[in-house]
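In what follows, a single structure is set out as structure tokens and then discussed.
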Amino acid sequence: MTENAATAYPVGLRLAGRRVVVLGAGEVAQRRLPGLLAAGADVLLVSPSATPSVEAMAEAGELRWERRRYREGDLAEAWYVVITTDDPEANATASAEAEDRRIWCVRSDDAEAATAWTPATGRSEGVTVAVLTGRDPRRSAAVRDAVVEGLRDGTLAAPHHRAHASGVALVGGGPGDPDLITVRGRRLLAEADVVIADRLGPRDLLDELPPHVEVIDAAKIPYGRFMAQEAINNALIEHAKAGKAVVRLKGGDPFVFGRGMEEAEALAEAGIPCTVVPGISSSISVPAAAGIPVTHRGVAHEFTVASGHVAPDDPRSLVDWQALARLRGTLVLLMAVERIEPIAAALVAHGRPADTPVAVIQEGTTAAQRRVDGTLADVAAKVRAEGIRPPAVVVVGDVVGVGPAGRA
């Protein structure tokens with residue numbers, strides 16, 4: 001019987017604990033198996049060989065694998081069958097068995113002979129999107145991707161019919177490029193009632209927010225007798241207690257020199273639900289955007305991230321600069337550009353060679369990105385001469401010379 005997309009009846013199969021038989025363990029099966037396992041299916045895999053990824057699933061106990069060819073009777077007690085072998089005769093025989101047993105059957109080799117089709121499927125926060133376009137799987141995938149992306153970033157209007165819960169999300173916005181925020185972070189921004197943003201957060205994302213969203217610049221929160229951080233904590237608590245969905249948008253990652261844990265602790269003490277959404281730290285992303293790997297085979301087997309917001313001789317410093325100078329790997333310094341001279345001097349004084357390469361990247365991942373190269377001996381002078389200002393990331397080590405930019 002010939003069918004088209006209009007005659008396919010869409011349905012969601014609830015396969016948890018139910019037998020599903022998969023014939024063949026090549027690339028097609030490798031793509032299909034994760035979804036079946038995620039649905040909780042009891043998977044029997046029949047195939048004489050398998051890809052390494054499928055074999056790993058079997059070794060981990062996620063499915064049962066019988067290393068042989070299909071035999072008639074293998075589909076007994078199955079609820080669903082996926083046929084992916086490259087043996088046309090076996091496929092036809094198995095398909096006939098599925099028809100006789102009234103089991104829905106998908107065939108990767110012949111969609112017309114199948115009794116079920118696999119849609120292009122995507123998921124976003126509890127929503128499953130399944131798209132069928134008949135004989136055009138690429139279009140199905142493209143439509144699916146567009147819908148899922150729209151749901152994730154909030155550009156596809158799909159309001160919740162139940163009120164969303166109040167609380168605070170500590171969202172790491174990444175190093176500056178708005179495209180480098182996580183999918184979850186972007187979705188929470190789209191659902192927020194109030195956004196309290198840092199100066200170093202991805203500012204371009206704020207322009208995308210609906211007009212009803214209240215955007216608060218954290219640097220401008222009046223704090224009077226309170227420290228600025230206390231005032232921010234109080235603002236988070238106040239808006240959340242008012243029933244608002246609050247996003248605290250921070251640059252980089254909330255817990256990498258971002259004081260995110262202080263905010264999480266304050267919210268916990270106030271009984272406010274808090275979600276932490278990790279972000280891409282500038283310590284690895286900014287060097288990468290400038291063509292510098294923080295590790296590289298044969299060059300650096302380690303990298304260390306340290307804060308330079310206080311100078312090495314400052315009694316408040318918790319950094320062991322003597323130990324850092326002895327390390328052979330990469331040293332990444334955040335908030336250090338204004339104290340680069342005493343930091344470089346301390347590293348040299350404690351044994352790091354003065355000719356160690358150094359790169360300073362200002363406003364990394366943004367259109368204003370600049371890179372200045374030097375050594376521990378002359379980097380402070382070059383930073384002054386070039387007028388480098390925060391935010392900037394400092395990379396110390398031989399990895400600075402890796403890649404086209406470093407060899408230029």
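The values are calculated or read from the model by the stated rules, or taken from the named source; none is laboratory data. It should be emphasised that the depicted structure is a prediction, and the values quoted were computed from it without experimental measurement. Ideal geometry is used to build each Cβ from the backbone, glycine not excepted, and the neighbour counts take in all protein chains shown. Note: accessible area is taken over every heavy atom of the protein model, side chains too, but ligands, DNA and RNA are not part of it. Shrake-Rupley method; radii C 1.70, N 1.55, O 1.52, S 1.80 Å.
Structure above, values below:
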| read-out | value |
| --- | --- |
| Using a Förster distance of 35 Å, the FRET efficiency for A92-A16 (Cβ separation, nearest 0.05) | 0.70 |
| Segment 18-127: trypsin sites (Lys or Arg not before Pro) in DSSP loop, at most 10 other beta carbons within 10 Å | R68, R102 |
| Computed label-point distance, nm, for sites E341 and V299 using a 7 Å Cα→Cβ extension | 3.0 nm |
| Segment R328-K382, length gained on full extension (0.36 nm per residue, minus Cα span) | 17.1 nm |
| Relative intensity, log₁₀ I(q)/I(0), of the chain from a Debye sum that treats every alpha carbon as a point, q = 0.10, 0.12 Å⁻¹ | -0.88, -1.02 |
| Where labels lie 7 Å past Cα in the beta-carbon direction, separation of A349 and A56 in nm | 4.9 nm |
| FRET E, pair E77, D204, Förster distance 45 Å, beta-carbon r, rounded to 0.05 | 0.20 |
| Share of carbon and sulfur in the accessible heavy-atom surface of the chain [1.4 Å probe, %] | 51 percent |
| 5 Å binning of all Cα-Cα separations within segment 246-291, expressed as whole percents from 0 upward | 5, 21, 26, 20, 13, 7, 5, 3, 1 |
| Cα-centre dipole for segment 251-386 with unit charges at Cβ (Lys and Arg positive, Asp and Glu negative), debye to 20 | 480 debye |
| Proximal aspartates and glutamates relative to K244, as straight alpha-carbon distance under 15 Å, when same-chain residues fewer than 8 apart are discounted | E191, D193, E214 |
| For the chain, share of DSSP beta bridges that run antiparallel, in % to the nearest 5 | 35 percent |
| Under 5 Å, built H, 5+ apart or other chain: amide partners of A120 | V131 |
| 37 °C / 0.692 mPa s Stokes-Einstein diffusion coefficient of segment 1-146, Kirkwood radius on C-alpha pairs, µm²/s | 209 µm²/s |
| Normalised contact order of segment 54-113, rounded percent, pairs of Cα under 8 Å and 6 or more residues apart | 31 percent |
| Pair D100, E27: separation of 7 Å Cα→Cβ label points (nm) | 3.4 nm |
| Vicinal HN-Hα couplings computed from phi for segment 176-181 (Karplus, 6.51 cos²θ - 1.76 cosθ + 1.60; Hz; Gly/Pro x) | x, 5, x, 6, 9, 6 |
| Two-site FRET efficiency, E191 against D145, from Cβ-Cβ distance with R₀ of 25 Å, rounded to 0.05 | 0.75 |
| Packing-based ranking, highest mean first, of 331-342, 277-288, 33-44 given that Cβ atoms within 10 Å are counted | 277-288, 331-342, 33-44 |
| Cα-based reach from K220 at 19 Å (exclusive), listing lysines while leaving out same-chain residues under 8 positions away | K250 |
| Spatial extent of segment 130-280: Rg and Dmax, with the Cα atoms as the point set, Å | 17.1, 68 |
